[in-house]
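Below is one structure, written out as structure tokens; comments come after it.
The values are calculated or read from the model by the stated rules, or taken from the named source; none is laboratory data. All values derive from a computational prediction rather than experimental measurement. Cβ: placed from backbone, ideal geometry, glycine included. Neighbour counts: every protein chain shown. We work out accessible area using only protein heavy atoms, side chains counted, and drop any ligands, DNA or RNA first. Shrake-Rupley method; radii C 1.70, N 1.55, O 1.52, S 1.80 Å.
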Amino acid sequence: MDFEEAKQVATTDFDSTWLDEQLARYGRDADACIPLLQAVQERHRHLPQEAMRAICERTSITPPQLYGVATFYAQFRLEPVGRHLIKVCKGTACHVSGAQALVESLSEALGVPDGGTTQDMEYTLSAVACLGCCSLAPVLMLDDKTFGKLNRSKAAALVNSKQTAPTQAPKH
Amino acid sequence: MQQSNSAVKRVLVGMGTCGLAAGAGQLLDALRAGVAEHSLAVEVGITGCLGNCHAEPVLLVEHDDGSRHHYGNVSKARLEQLLAGHLRDGQALEKLLYHPEQHDDPEGRFYQKQVAIVSRKFGHIDPEQLGDYRAHGGYRALQMALDAGPESVLQTILDSGLRGRGGAGFSTGKKWAFAQRAQGEQKVVICNADEGDPGAFMDRSTLESDPHSVLEGMLICGFVIGAQRGYIYCRAEYPLAIARLRIAIAQAEAAGLLGESVLGSAFSFRIKIKEGAGAFVCGEETALIASIEGRRGMPRPRPPYPAQRGLHALPTNINNVETFANIPWIVEHGAQAFAALGTATSKGTKVFALAGRIKRGGLVEVPMGITVREIVEDIGGGSDSGLPIKAVQLGGPSGGCIPESLFDTHVDYEEVNRTGAIMGSGGMVVMDQSSCMVDIARYFLEFTQNESCGKCTFCRVGTKRMLEILERICDGRAVMADLALLEELADRVGRASLCGLGQTAPNPVLTTLRYFRDEYLSHIQDHFCPAGRCRSLCTFTITDACTGCMLCVRACPTQAIQGTRKQLHVIDTQQCISCGACRDVCRFGAVEVRPHPRFSSGVDA
């Protein structure tokens, strides 16, 4: 789902038919907690409150259980994210190869700190756990594409080229 | 040797995550288009990881007679040459080959000392085709196991000497025996694919390159212990591995390898994937079980061990990806063949993810007993920067740094433990002289402190206090008493924490203190970071070796470097933020580390 659709879904009333389908698929017990939250985040790109409330109303999962899980795992986001998500790997190999410089360079190019979202909701910058592409360190993921062997200027160029041609994935 | 008179049959592109990041997807598209355009009668396919990530993207050309030709760094221009040459006339292009067989060629040494058990089918099969796996002997071990019976297979695993490849190194056979003996109608097998160690990608590569080998290992385990269900707990950060596992499970179900009466036997087994949600502590088995049950991934005290009381209180056996991938080979080739490799207490092979400041990084599988030096120098070819190698970090946040002076240490669970590091799951990150060991210790503590689940005080508070001390050292605010406090905390956190995360969290600190104490002292007493990483404790200066190439001038993020072409460049220390960007780009070694002006002038600003 792209950003526009996700925004649409997030602002309209919570789709209860969709949730019922997910409940049929994953069940209504505690076991289903993580897969349900993953499904909601896949659809909305974060965990909207209405969705969390709806899950608790229709399952045996209690609000403390659900929020406990949502706040424990790094994958889950309670706040909306930008159209493009930049994940800068902070694994060991990337750390020794200059991951910090990538975060700084992107932070400067976008004008937001690590974890921040640009005002126009275009980009969210986030340093994340190891992406497992260590031999191409330092790496980052721009949405679902991985870019390796980066430096300050190459990293900044990724977002700059994206800003001028937002529908095209940058070449590398 | 590389010339062959037979025709080209199939061309495979290495499509692991690393390959894709290096452009394998575009290469595959261009190859398909090129083959169509040139009307070539060759099959185009994909394969997994070939290990030589440093040469990505890679391409393999297979001939009718079974000969294989391996090309690395396949750019668009090189692909054009191959389309016009090798793929048309069947004559290998010597100059473009990645030379795995030629051991006198430096790159050839990458494969020379490797032994493939886990990675035996990587690069030979399309990971999305069950037929390919079976054509290469896949699921033969499962049939052999079903014919031999659980007791006989268990004895084989015990005799092989296989130990858990997730890090702790417990005997796999003994673990299976506990689960087999446990009372219960229903039992569970879990594959731990929550490869959370930063700097490790062995399990990702295995799942992406040969997912069926892991399913087969789990099936054999389920048959031995009497389980009906299996779960693969895989990191959500590995979307490609999950996608290929889903394909593999669906194919195995359709072929009667998973589900009711496996291969027509009385044994039934199903496998489900559970996606992790990003918590390092879930690598710990009791936390992993809590996560599958839909709770916060927090560990609980053992005993009872999962073999007695695991998932939903059922007897459960948990092994990691690499352990399971070894099983079919052992069943097929026998315990003796496996035990013939390695040392007295560590048998078989170990897969390492070789990364960091290394020339030939990638996935390497070596026999136990090989030395760290052989891996770093012969296989890896030394540092990529040309600077001397200082240490390797083994075992991620639970492990430690082995200094260059101990590189003759053999890869063996006990021998590695004696250095203060651990074998771990296989992350091996190489550090050169530009890496600051205090910064590395701080980096790992930041990681474990962040990932601590918060259940026990020593881990939750202790790692936080340790991190604060390390931050003070890196900032130049520490005093000598901090060092003693750091050591005391390291000892207490290690002894008083409940699970492996807290127990091993001090290891990176303890090993760097043991082998690189002079760096700590330099930070605290001289307010100087010799590696030039800790920004508060260094600055940079340009020496006469400067040729005036302007590279650093352009690289500097604060425009602190003055210079014109062919004139010696100068760094304005007032504007310099000590980021080291100039040193990283300089090709002439003209940028040197100096004490920060704040401290070198003797005035603490």
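A few points about this structure:
- Verdict on B:A33 being farther than 18 Å from B:S205 by Cβ and without any contact (Cβ under 8 Å) to a residue 12 or more places away in the chain: yes
- Residue match in region B:160-183 (condition: touching a Lys or Arg at 6+ places or on another chain (Cβ under 9 Å) and more than 27 Å from B:G424 (Cα to Cα)): yes
- Applying the criterion of at least 2 residues that are of a type outside the set (K, R) and within 19 Å of B:E451 (Cα to Cα) to the helices (runs of 4 or more DSSP H) found wholly in region A:44-114 leaves A:63-72, A:92-96.
- So B:G386, is it outside any helix (DSSP H, G or I), more than 14 Å from every other protein chain (Cβ to nearest Cβ), farther than 30 Å from A:A74 by Cβ and at pLDDT below 95: yes
- One residue stands out among those in region B:537-557 that are under 39 Å from the mean Cα position of the chain (by Cα), in a loop (DSSP other than H, G, I, E, B) and within 17 Å of B:R594 (Cβ to Cβ): the one that is nearest to the other protein chains (Cβ to nearest Cβ), which is B:C556.
- Qualifying positions in region A:147-172 - at pLDDT 50 or above and part of a helix (DSSP H, G or I): A:R152, A:S153, A:K154, A:A155, A:A156, A:A157, A:L158, A:V159, A:N160, A:S161, A:K162
- Residues within region B:260-279 that are over 24 Å from B:D197 (Cβ atoms) and open to solvent by 50 Å² or more (accessible area, probe 1.4 Å), tallied: 7
- Residue in region B:511-534 that is open to solvent by less than 20 Å² (accessible area, probe 1.4 Å), in a loop (DSSP other than H, G, I, E, B) and not hydrophobic (A, V, I, L, M, F, W, C) present: yes
- Of the numbered criteria (1) out of contact with any helix residue (DSSP H, G or I) (no Cβ under 8 Å at 6 or more places or on another chain); (2) at pLDDT 95 or above; (3) not in a loop (DSSP other than H, G, I, E, B), the one A:L125 fails is (1).
- The number of residues in region B:295-323 being in contact with a strand residue (DSSP E or B) (Cβ under 9 Å, 6 or more places away or on another chain) and either within 14 Å of chain A (Cβ to nearest Cβ) or crowded, with 21+ Cβ neighbours inside 10 Å (or both) comes to 15.
- Any hit, region B:118-130, residues being in a helix (DSSP H, G or I), at pLDDT 95 or above, away from chain A (no Cβ under 14 Å) and within 22 Å of B:A250 (Cα to Cα): yes
- Exclusive hit being more than 30 Å from B:T156 (Cβ to Cβ), more than 14 Å from chain A (Cβ to nearest Cβ) and touching a Gly at 6+ places or on another chain (Cβ under 8 Å), set B:L31, B:L79: B:L79
- Residues in region B:418-477 that are assigned to a helix (DSSP H, G or I) and under 21 Å from B:D408 (Cβ atoms): B:R418, B:M437.
Residues checked against (1) under 10 Å from the mean Cα position of the chain (by Cα); (2) open to solvent by 70 Å² or more (accessible area, probe 1.4 Å):
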position: A:R45; (1), (2): yes, no
position: A:A54; (1), (2): no, no
position: A:R58; (1), (2): no, yes
position: A:Y67; (1), (2): no, yes
position: A:F72; (1), (2): no, no
position: A:V81; (1), (2): yes, no
position: A:I86; (1), (2): yes, no
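- The number of residues in region B:211-256 being surrounded by fewer than 24 Cβ atoms within 10 Å (Cβ to Cβ), part of a loop (DSSP other than H, G, I, E, B) and modelled with pLDDT of 95 or more comes to 4.
- Residue within region B:427-447 that is open to solvent by 10 Å² or more (accessible area, probe 1.4 Å), within 24 Å of the chain's Cα centre (by Cα) and farther than 30 Å from B:I577 by Cβ present: no
- Within region B:575-605, the set of residues being exposed (fewer than 14 other Cβ atoms within 10 Å of the Cβ), farther than 16 Å from B:A545 by Cα and at pLDDT 90 or above comprises B:Q575, B:I577.
- Residue within region B:482-492 that is more than 22 Å from B:D197 (Cα to Cα) and in contact with a His (Cβ under 7 Å, 6 or more places away or on another chain) present: no
- Boolean, A:I61 is modelled with pLDDT of 95 or more and more than 22 Å from A:L158 (Cβ to Cβ): yes
- Within region B:359-383, the residues that satisfy the criterion of being assigned to a loop (DSSP other than H, G, I, E, B), open to solvent by 10 Å² or more (accessible area, probe 1.4 Å) and within 14 Å of another protein chain (Cβ to nearest Cβ) are B:K359, B:R360, B:G381, B:S383.
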